[in-house]
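K.L.:
Right, I'll just put the structure down here and ask away after.
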Amino acid sequence: MEKYDVVIAGAGIAGASAAYFISRKGFKVLLADVKPFHRAGDKPCGDAIGKHHLDELGIEYPRNGELEGLVRGIDVYSPSEGMKYRVLGEGFEVNRVAFTQRFIRLAIDNGAEYFQETQVKDPVIKDGIVKGAVLWSRRKGSWEVSTNLLVDATGMSRALIRKLPREWPIRDELNPTEMNVAYREIRELKKDIEEPEILRIYVSKDKAPGGYWWFFPYSMEPHTVNIGLGVQGGRGYPHPKDLLYTKVLNRAELRESKVIESGGAAVPTRRPINTLVWNGIAAIGDSAYTVNPIHGGGKGSAMLSAWCLSHALEEAQGKWDNDALWEVNKCYMSRYGAKQAALDVFRMFLQELSDEELEYGMRKKLIKEEDLNTVSLKGDLELGIVDKAMRLLAGLRRPSLLLQLKIVADYMGKVKDAYMNYPQKSKGLKAWVSRVDDLFSEYRARLYKK
Ligand code: FDA
Ligand code: GRG
């Protein structure tokens, strides 16, 4: 039987970048995906990625065929569209397939094996530890490989994690309300797009309940835009495609535009999985819920989780047990997970607001543009003392909204602290999970008691 150091299931951006990061450290890697190479990484997406992610991981910027557009910032519109916040920040619209293929090629150059059109069907568990995987392809049928670490990078399907014993903490199931169902089209418009390097996000409970609709121009392709809509799951809201067609595409500037590509998918919008590694298996990317809960962007943090895994493998010096690989958790939680968990707190608050409250909050600047920047970069909602007093005056007609915002800021701080104090060893996990669960239950009880 073929033996690998690491077998990675799924060659989306998480799995492909993990294969690259891990193989360059000299590990023997197998990367397998059910899709053929020409469809690598083609999950429907808004295709936006912040430049800072690439800088932090030492990844070359996309160019030529990998680049669809340059981004200078994002405009966030209020429900009436009468107000907008401009959040400046550099980034890219990527060609998701070419960008993902880059990592597969680099991994192969480093010696990794890559099997396209190959499903990783089952983890092989012996004596309570994952020791291998069953693979299947139309050409070869089923066969088993042995591995020191199996990585589930299968996205929202969590194809392998779902097959693990229920009591393993890496199972950490997702509640349907903790995801968005999103649909998007790439369209060619008749007219020029104003400020094509500014992405647009439209918040509106009426049009996109518990989510938003977006208009992301591809500045390298004149007239071309990635336009889509996401709604919160588990609430019985209408399908995002129907909402996009009935509430958005009838706008004058979008009429008669031509559809180039279309598709939808789900996106996790919650705090990260409780542990990214357990008993011979790891999870990265969407299968580890590494997406930003506020805006649903997950490419950058998926690559970060892949990098943290490669870093942990190096630190483990040939050992494969939970504690040896624990660095993946410490790395991910401190670099992104803590902010992500704080943003989960903020997400729950935002999803409860009516359009009227959102409009009011933005008009009165209860949260200002600078705050939005700090919130999205660090997960901190810092309400300075003077600011608080001023906002109290501005918000007098809605004291309950302001009080709630204070509760939100308080719990964001508590949750972020809890994640910054993530257990140093696996034996501390159970107590930590129970503390975090209590914090979230307490918060929910206060938030929903209006
Ligand atoms: P992904 O789902 O991409 O990859 C999983 C891979 O596993 C697939 O290739 C699949 O074929 C394979 N697979 C599944 N089961 C398998 C098995 N058993 N064996 C082998 N292979 C298997 N993010 C962002 O940063 N900017 C954005 O603008 C957007 N916009 C956006 C819009 C929409 C509509 C959605 C749905 C999502 C976004 N996102 C986003 C989120 C982003 O797309 C997402 O976080 C990443 O693509 C996740 O990458 P992964 O590699 O984790 O999973
Ligand atoms: C509002 C709960 C809620 C969810 C939104 C509509 C939706 C769900 C998902 C659509 C996904 C989408 C279009 C994401 C693009 C967001 C974006 C601007 C990503 C790029 O940001 P980065 O890479 O991210 O700079 P971070 O925050 O990691 O720096």
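The values are calculated or read from the model by the stated rules, or taken from the named source; none is laboratory data. Computed from a predicted structure; not experimentally measured. When we count neighbours, we look across all protein chains shown, and the Cβ atoms used for this are built from the backbone with ideal geometry, even at glycine. For accessibility, only protein heavy atoms count, side chains too; no ligands or nucleic acids. Shrake-Rupley method; radii C 1.70, N 1.55, O 1.52, S 1.80 Å.
K.L.:
Inside the stretch 208-237, can you point out the residues that are more than 11 Å from ligand 2 (Cβ to nearest atom) and within 26 Å of M362 (Cα to Cα)?
P.N.:
Across the stretch 208-237, the qualifying residues are P217, R235, Y237.
K.L.:
Hey, does the stretch 279-296 have a residue that's in a helix (DSSP H, G or I) and near ligand 2 (Cβ under 9 Å from one of its atoms)?
P.N.:
no
K.L.:
Going by the structure shown, is R335 among the basic types (K, R), surrounded by fewer than 17 Cβ atoms within 10 Å (Cβ to Cβ) and in a helix (DSSP H, G or I)?
P.N.:
Here the answer is yes, as R335 does meet what is asked.
K.L.:
Here's a follow-up. Which residues, taken from the stretch 15-52, are farther than 21 Å from I186 by Cβ, open to solvent by 10 Å² or more (accessible area, probe 1.4 Å) and either within 16 Å of ligand 2 (Cβ to nearest atom) or modelled with pLDDT under 95 (or both)?
P.N.:
Matches in the stretch 15-52: K51, H52.
K.L.:
Can you tell me which of W136, W168, W143 is farther than 30 Å from G230 by Cα, assigned by TED's automatic domain parsing to the domain that holds Q317 and within 9 Å of ligand 1 (Cβ to nearest atom)?
P.N.:
W136
K.L.:
Related question: Just name the residue that is farthest from ligand 1 (Cβ to nearest atom) out of those in the stretch 320-367 that are aromatic (F, W, Y) and under 16 Å from the mean Cα position of the chain (by Cα).
P.N.:
F346
K.L.:
Taking S262 as meeting all but one of (1) on the phi > 0 side of the Ramachandran plot; (2) part of a strand (DSSP E or B), write down the number of the exception.
P.N.:
In the conditions (1) on the phi > 0 side of the Ramachandran plot; (2) part of a strand (DSSP E or B), S262 misses (1) alone.
For every residue, the table says whether it meets (1) surrounded by 19 or more Cβ atoms within 10 Å (Cβ to Cβ); (2) without any contact (Cβ under 8 Å) to a residue 12 or more places away in the chain; (3) within 30 Å of M412 (Cα to Cα); (4) in contact with a helix residue (DSSP H, G or I) (Cβ under 7 Å, 6 or more places away or on another chain).
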site: H239; (1), (2), (3), (4): no, no, no, no
site: L244; (1), (2), (3), (4): yes, no, no, no
site: K247; (1), (2), (3), (4): no, no, no, no
site: A252; (1), (2), (3), (4): no, yes, no, no
site: I273; (1), (2), (3), (4): yes, no, yes, yes
site: I284; (1), (2), (3), (4): yes, no, yes, yes
site: N292; (1), (2), (3), (4): yes, no, yes, yes
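K.L.:
To continue, here is another question. Consider the stretch 124-164. How many of its residues are in a strand (DSSP E or B), open to solvent by 30 Å² or more (accessible area, probe 1.4 Å), over 15 Å from V34 (Cα atoms) and not hydrophobic (A, V, I, L, M, F, W, C)?
P.N.:
Residues in the stretch 124-164 being in a strand (DSSP E or B), open to solvent by 30 Å² or more (accessible area, probe 1.4 Å), over 15 Å from V34 (Cα atoms) and not hydrophobic (A, V, I, L, M, F, W, C): 4 in total.
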